[in-house]
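We did not get these values from a lab; they are worked out from the coordinates using the rules stated. Just so you know, these numbers come straight off a predicted model, no measurement behind them. Don't worry about glycine lacking a Cβ; one is built from the backbone with ideal geometry, like all the others, and counts go over all protein chains shown.
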Amino acid sequence: MNELEDAFYSALGYYGKNFFVDAKYARYSSLKAIAKLKGGVLTARVSDGFQAAPREALFGLALHLLGKMFNCKPEKGLVAPYREFVASRGAAELNHALTRRSGRKKRNRIVGKCYDLSQVVENVLNYYGEVFRGVRLPEFTWSTRKGRRVLGWHDDAWNRVTVNEGLDSKRVPPHVIEYVVFHEMLHAKHEVKHGKRRTVHTRQFREDEKKFFLKKEAEDWLQRKW
Ligand SMILES: [Zn+2]
């Protein structure tokens, strides 16, 4: 019996059920897993990205899947290792790599009509290289949907920053777009600690943010013109 089947048998035991288990790894483009129950056989297909997961995470995954199937809530603490594995940076990167493998990676649009985000990032690094030392830089892309109020957002799972396309305009001064990019890059630096509730702008984050020379000017402009 492999570790994966072991995890599902243990989870079945937890719910007081007894079925034959057929659990295998599959090549999915993300960290997904499915389970079905048919004719007394529990079939589970789990992304091979979970091969790197510790035993408790596999058990947690099985508890989570079967909990949905049997409509029972498993103990939170037992599912936590699974959630942590998925939330961890390693898993995020793996997810990324798997998606890349499948060729479904979202295309990034980094050169806008007015601003080239790679140039903006370069400027930011020129001035604030010290702030981002050792930080794994995110990918950058202009948003495709217009009209969102939010200026930019950092996607943890992808380590990707999307910048509102509305900022790709001549009327937006360079220090404003640099400030938005700087802010989102700080999100990549101050990654969200797993297991904790998401606190996006921590005290350390705000401290770093103050290092932007024209912070006040940029914020004033955004308040008045955005
Ligand atoms: Zn933010």
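Computed from backbone phi, the HN-Hα couplings of the range 122-131 come to 4, 4, 4, 5, 4, 7, 10, x, 4, 5 Hz, rounded to whole numbers (Karplus: 6.51 cos²θ - 1.76 cosθ + 1.60, θ = phi - 60°; Gly and Pro given as x). By the count of neighbouring beta-carbon atoms within 10 Å, fewest first, ARG160, ARG171 end up ordered ARG171, ARG160.
Neighbouring Cβ atoms within 10 Å as the yardstick, rank PHE132, PHE8 fewest first. The partial results should precede the final answer.
Values: PHE132 18, PHE8 26.
By the 10 Å Cβ count, ascending: PHE132, PHE8.
Once the mean 1/r over all distinct Cα pairs of the chain is inverted, what Kirkwood radius in angstroms do you read off?
Details: mean 1/r = 0.0498 Å⁻¹.
Mean inverse Cα-Cα distance, inverted, gives 20.1 Å.
Relative to the longest principal Cα axis of the chain, at what angle does helix 76-87 sit, 0 to 90 degrees, rounded to 10? Tilt of helix 76-87: around 50 degrees. Using θ = phi - 60° in the Karplus curve 6.51 cos²θ - 1.76 cosθ + 1.60, the 3J(HN,Hα) couplings for the range 32-46 round to 10, 8, 10, 9, 9, 10, 8, x, x, 10, 8, 9, 10, 10, 10 Hz; x is entered for Gly and Pro. Phi angles across the range 160-166 convert, under the Karplus curve 6.51 cos²θ - 1.76 cosθ + 1.60 with θ = phi - 60°, into 3J(HN,Hα) values of 10, 9, 10, 10, 4, 4, x Hz, Gly and Pro given as x. Amide H contacts for TYR25 (H built 1.01 Å from N in the peptide plane; partners 5 or more residues away or on another chain; cut-off under 5 Å): VAL46.
A full extension of the chain between ASN126 and THR144 corresponds to an added length of 3.7 nm, given 0.36 nm per residue minus the alpha carbon distance. Pop the C-beta distance of TRP226 and ASN18 into the FRET formula with R0 = 45 Å and round what comes out to the nearest 0.05. Step by step, r from the Cβ atoms, then E = 0.15.
Could you give the length gained by full extension between SER118 and THR202, i.e. 0.36 nm per residue of separation minus their alpha carbon distance, to one decimal place? Gain on stretching SER118 to THR202: 27.6 nm. Counted residue by residue at 0.36 nm each, then reduced by the alpha carbon distance between them, the extension gain from PHE70 to GLU56 reaches 3.0 nm.
Provide THR144, THR202 in ascending order of the number of other Cβ atoms located within 10 Å of each residue's Cβ, fewest first. Show your work: numbers first, answer last.
Working: THR144 10, THR202 13.
With the sparsest Cβ surroundings first, the list reads THR144, THR202.
Largest GNM mean-square fluctuation among ASN108, ASN164, ASN71, using the chain with Cα springs under 10 Å: ASN71. Label 7 Å along Cα→Cβ of LEU37; the range 53-86 residues with amide nitrogen under 11 Å? Only 66-72 pass the distance filter. Taking the Cα centre of the range 3-101 as origin and assigning +1 to Lys and Arg Cβ atoms and -1 to Asp and Glu Cβ atoms, the resulting dipole is close to 420 debye.
So, R0 is 30 Å and r is the distance between the beta-carbons of SER88 and ASP6; what FRET efficiency does that work out to, to 0.05?
Numbers: r = 22 Å, r/R0 = 0.74.
The value I calculate is 0.85.
Counted over the chain, the DSSP beta bridges are approximately 50% antiparallel.
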